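Let me begin by presenting the structure, written as structure tokens, before commenting on it.
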Amino acid sequence: MTTATTWWQEAVVYQVYVRSFADADGDGVGDLPGITSRLPYLRDLGVDALWITPFYTSPQKDHGYDVADYRDVDPLFGTLADADELIDRAHELGLRVIVDLVPNHTSDQHAWFQAALAAGPGSSERARYLFREGKGRAGAKPPNNWDSIFGGPAWTRLDDGSWYLHLFDSTQPDLDWRNPEVGDMFEGVLRFWLERGVDGFRVDVAHGLYKEASLRDQDRSSLSATPTGSMVERVLRDEPMWEQPEVHDVYRRWRRVLEEYGDGETERIGVAEAWTQTAESMAEFVRPDELHQAFNFGWLGTDWSAREFAKVVNGSIAALATADASPPTWVLSNHDVIRHPTRYGGGAAGLARARAATLVMLALPGSAYLYQGEELGLEQVDVPPEARQDPSWFRTGEPGRDGCRVPLPWSGDAPPYGFGPGDGQPWIPQPDDWSGITVAAQEDDEGSTLAFYRRVLAARTRWVRGTDLDCVAEARRHLLFVRRGDVTVVLNAGQRSVALPAGEVLVSSGPVTDRLPANTAVWLR
Ligand code: NOJ
């Protein structure tokens, strides 16, 4: 099996949602010193890198994805010196650090947007964003029919009558990437963090920076289209706000900047968060002169099914092969989606399935992303309405994403379970029944989900290294088989146990005998 040439091609990256990982100062919100204090935990878990969600100056309307100053740390999370300390300490422990870059929009508190408000219509300050006149009598209707991802119209009107575009919350105005000042600003931001030693950037909304220049209406009749994984007869949604061809030149420029700062073991990387409609267009973001990785979100929307899993695995690998692109990435959970044990039905069966899916994922070629708390088997929490904080909850009344963002339980019998000092509930309240699943409670239990993650990460290093795409998934009724070199992964997604195929068991997601129980996966050699 080919050995990876650089670190990132097969890295396991652990996503730290900064507000909810570890709280050193006891204000109920996680922070950078909290992360630093828990780095040995991540090293012992066996991951290669951490990606930290935005910790820059921000009014926190979208919990950091609304940046007011890209070159400073929000006091809620610490200081620039704390960031330096975190990066240095991680490197000492052999962990790489990926930070989040939010280039599609700024906060409305960013100096540029404040200047745009003050300068008025037609000014060069407004030309950094997408201000337009409205339609209809007295321009009272939005310039086009686009919706915000968080619900409601994507346009907000100012007192002076002009409208500005925000594909997310109204406090997150979209930048106009057709204005060269914007590209220059972000090149400066990249260099600022590269010089501080970060190993890469996760690029927020990477498919969104350019909008179709006319800002025409979206053809809504296409919205019910479900893109299929096949290249033929595909019906795509009409999306003039996403995936414009010009965006790729941004990443070509960034690639050149990243290459100035290192290569091989010191290579700095970019990871696209691009919710593209197809695996093929995802692959375009990772052509050899663009970003290094793109999240492969296919699995997030896939049901518990051997057949569906096989489609995701084979479809992703095939799409990347056609674009001469980087090795694949894989992910089952993140801070924007329902945690995978809950997606797979919740309770004991949901957890068993989640572990089995994780065991399949970690056998695949390329790189994998883990989301904090999945190694504890955390489920989505039903956060009570009065405690919800997601901007989409305020715009739509839908529960939103708070349930996957509940602060981690580290130890103890009651909230905050060692998340921070003190005994108060953190920024999103934790459930009362988490004492059995804290890190401390799972630490010495061989059957725990934490022990399982440690085992499988160690087994991955030993048995399935490399990025060779010669890996085929095959579904036979409810069984999924994935072959990689000497290792065969078998997943039982059915209702009953089956005879365990022949071979030495290297690692399993749950107890196995000569039978492979339902909701269980195993690596065999
Ligand atoms: C994607 C991020 O993951 C999400 O949390 C955020 O709300 C949006 N981008 C807007 O920045």
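Residue separation of ARG253 and VAL498 scaled by 0.36 nm, minus their Cα-Cα distance, works out to 82.9 nm of gained length. With respect to the chain, whose longest principal axis is taken over its alpha-carbon atoms, helix 247-260 is tilted by about 70°.
Between 0 and 90 degrees, the angle of helix 80-92 with respect to the longest Cα principal axis of the chain falls at about 30 degrees. Karplus-derived 3J(HN,Hα) values for region 162-177, using 6.51 cos²θ - 1.76 cosθ + 1.60 with θ = phi - 60°, are 7, 10, 10, 8, 9, 6, 10, 6, 5, 8, 10, x, 6, 7, 9, 5 Hz; glycine and proline are entered as x. If a spin label sat at a point 7 angstrom from the Cα of LEU93 along the line to its beta carbon, the backbone N atoms of region 17-38 nearer than 17 Å would be those of 17-25, 30-38. Volume per residue of the convex hull around the Cα atoms, evaluated for region 379-469, comes out as 153 Å³.
Amide H contacts for PHE168 (H built 1.01 Å from N in the peptide plane; partners 5 or more residues away or on another chain; cut-off under 5 Å): ILE149. At 25 °C and a viscosity of 0.890 mPa s, what translational diffusion coefficient does Stokes-Einstein give for region 192-291, taking Rh as the Kirkwood radius over Cα pairs? Give it in µm²/s as a whole number. The estimated diffusion coefficient comes to 162 µm²/s. For region 320-362, the share of alpha carbon pairs falling in successive 10 Å distance bins from zero is 27, 40, 22, 11, 0 percent.
Taking 0.890 mPa s as the viscosity and 25 °C as the temperature, the Stokes-Einstein diffusion coefficient of region 285-332 based on its alpha-carbon Kirkwood radius rounds to 218 µm²/s. Given R0 = 35 Å, the distance between the Cβ atoms of ASP433 and ARG196 translates into a calculated FRET efficiency of 0.30.
Computed from the C-beta positions of LEU223 and MET185 and an R0 of 41 Å, the FRET efficiency is 0.80 to the nearest 0.05. Which of rounded, prolate, oblate describes region 90-153, given a ≥ b ≥ c as roots of the alpha-carbon gyration tensor eigenvalues and a/c under 1.5 marking rounded, otherwise prolate only if a/b is larger than b/c? Verdict is oblate for region 90-153. Using the alpha carbons alone, the radius of gyration of region 1-139 stands to its Kirkwood radius in an Rg to Rh ratio of 1.13. Its Cα centre serving as origin, the chain has a Cβ charge dipole (Lys and Arg +1, Asp and Glu -1) of approximately 1740 debye.
Note on region 151-219 and region 287-351: Cα centroid distance 26 Å, given to the nearest whole angstrom. In sequence order, region 435-443 has phi-based couplings of 4, x, 10, 5, 4, 4, 5, 8, 3 Hz under the Karplus curve 6.51 cos²θ - 1.76 cosθ + 1.60, θ = phi - 60°, and Gly or Pro positions carry x.
Of PHE452, TRP193, ASN179, which is farthest along the charge dipole of the chain in the positive direction, counting Lys and Arg as +1 and Asp and Glu as -1 at C-beta? The residue sitting farthest along the positive end of the dipole is PHE452.
Computed over every Cα-Cα pair of region 374-419 and binned at 10 Å starting from 0, the pair-distance distribution P(r) comes out as 26, 46, 24, 4 percent.
Amide H contacts of TYR371 (H built 1.01 Å from N, in plane; Pro and chain starts excluded): GLN15, SER333 sit under 5 Å, all sequence-distant by 5 or more or on other chains. The coefficient of translational diffusion for the chain, derived via Stokes-Einstein from the alpha carbon Kirkwood radius under 37 °C and 0.692 mPa s, stands at 137 µm²/s. Spatially close Lys pairs in the chain, defined by Cα atoms under 28 Å apart and a spacing of eight or more places or different chains, total 4. Close amide H contacts of GLY420 (hydrogens built in the peptide plane, cut-off under 5 Å, sequence separation of 5 or more or a different chain): ASP23. Sequentially through region 472-485, phi angles give Karplus couplings (6.51, -1.76, 1.60; θ = phi - 60°) of 10, 9, 9, 9, 10, 6, 8, 9, 10, 10, 10, 10, 9, x Hz, Gly and Pro residues having no value and appearing as x.
With the biggest extent put first, the Cα atoms of region 72-197 measure 63, 30, 25 Å across the principal axes. Maximal additional length on extending the THR461-ARG483 stretch stands at 6.3 nm, based on 0.36 nm per residue less the C-alpha distance. Distance distribution note for region 319-450: the fraction of Cα pairs above 24 angstrom is 37%.
Between ARG287 and ALA318, full extension at 0.36 nm per residue minus the direct alpha carbon distance yields a gain of 9.7 nm.
Annotation: for a label point projected 7 angstrom from Cα along Cα→Cβ of ARG476, residues of region 496-514 with backbone N closer than 19 Å are 496-506, 513-514. Taking a ≥ b ≥ c as the square roots of the eigenvalues of the alpha-carbon gyration tensor, region 218-353 is classed oblate because a/c is 1.5 or more while a/b is no larger than b/c. Principal-axis analysis of the Cα atoms of the chain puts helix 347-361 at an angle of about 90° to the longest axis. Using 1/(1 + (r/R0)^6) with R0 = 30 angstrom and r between the beta carbons of ASP69 and GLU246, what's the FRET efficiency to the nearest 0.05? Result of the calculation: an efficiency of 0.65.
Readers should treat all values here as calculations from the given coordinates under stated rules, not as data from a laboratory. Quick caveat: nothing in here was measured; it's all calculated off a predicted structure. Cβ atoms come from the backbone with ideal geometry, glycine included; neighbour counts cover every protein chain shown.
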